[in-house]
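Participant: Attaching a single structure in structure tokens format; questions to follow.
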Amino acid sequence: MRVPDLDCLVVGAGPAGLQLGQHLAAAGRDYLILEGGSAPGTFFATYPRHRQLISINKVHTGTDDPELNLRMDWNSLLGGPLFTQYSERYFPTADDLIRYLADYAKHHSLAVQYDTKVERIARTDGGFEIATGGGAYRAATVVVATGVGVMPYVAPIPGIELAEPYATVSTDPATSSTSGCWLSARATRRSRRPRT
Ligand SMILES: Cc1cc2nc3c(=O)[nH]c(=O)nc-3n(C[C@H](O)[C@H](O)[C@H](O)COP(=O)(O)OP(=O)(O)OC[C@H]3O[C@@H](n4cnc5c(N)ncnc54)[C@H](O)[C@@H]3O)c2cc1C
């Protein structure tokens, strides 16, 4: 039986992957996080497109209770540092979160290998083999923490190709009238036009 090189291999260094890495490190596990991007939290380098988080950051809570404060802080990972040190804004910018996640990985000396996209995961005798462009790894456990942003769902609606997808729509108010309603209405109107 082949002995896995790692206890756990985590795919993705977003908030979930980093948090898991922190727990695995604290538990003394042999782990590695593989991240396709060049830094943690690459999802937030593109999204939200308007660059303002929807996760609140309540800095002034009126209490010193750490549990209560954490409930009102939707961005911090466990084990510190806290995101509230990075922004005073109730709805902070996505760039603040990227900065925070990079510092969090450094603070905990997390074992993250960047620019390493996982291409294939196969079950082997006693674990998993994980293939990347730069080589293969073996691990007893694999956790896929790749988030939601990789495969946009395009609904099978006639005319959907006329709507600008969220990922590429202009966020410049001077050049766009881009509410979701407008996009949807445009697609519907075109699809009802009689065929000639
Ligand atoms: C439009 C939109 C806006 C959002 N706004 C917010 C917000 O303001 N605040 C908030 O808290 N949440 C927001 N979310 C939810 C947000 O996606 C999650 O909170 C957060 O990103 C989930 O973290 P995660 O670690 O699970 O995944 P992600 O942050 O997506 O991290 C996944 C990581 O995996 C990497 N990866 C993917 N595939 C591979 C591969 N094959 N090999 C190696 N690495 C790979 C990616 O590069 C990425 O770094 C939003 C979601 C959407 C869709």
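Just so you know, all these numbers are worked out from the coordinates, no wet-lab data involved. Worth saying up front: this structure is predicted, and the values here are computed from it rather than measured. With ideal geometry, Cβ positions are generated from the backbone for all residues, glycine too; neighbour counts draw on all protein chains shown.
Participant: Under the Kirkwood approximation applied to all pairs of distinct alpha-carbon atoms, what is the hydrodynamic radius of segment 70-112 in Å? If you can, show how the numbers build up before the last one.
Facilitator: On the way: mean 1/r = 0.0929 Å⁻¹.
Across segment 70-112, the inverse of the average 1/r is 10.8 Å.
Participant: Arranged by the count of other C-beta atoms within 10 angstrom, fewest first, what order do Phe128, Phe83 take? Each step should come with its number before you reach the end.
Facilitator: Working: Phe128 17, Phe83 23.
Sorted ascending by nearby Cβ count, the order is Phe128, Phe83.
Participant: More than 23 angstrom separation, counting every C-alpha pair in the chain; what % is that? Display every interim value, and only then the final one.
Facilitator: Numbers: 10890 of 19110 pairs.
Roughly 57 percent, once rounded to a whole number.
Participant: Now for a different question. Once you keep just the Cα pairs under 8 angstrom separated by 6 or more residues, what percentage relative contact order results for the chain?
Facilitator: Values: 299 pairs, mean separation 52.3, N = 196.
Contact order relative to length: 27 percent.
Participant: Placing one identical point scatterer on every Cα of segment 52-124 and ignoring solvent, what is log10 I(q)/I(0) from the Debye formula at q = 0.11 Å⁻¹?
Facilitator: These q points yield log10 I(q)/I(0) values of -0.37.
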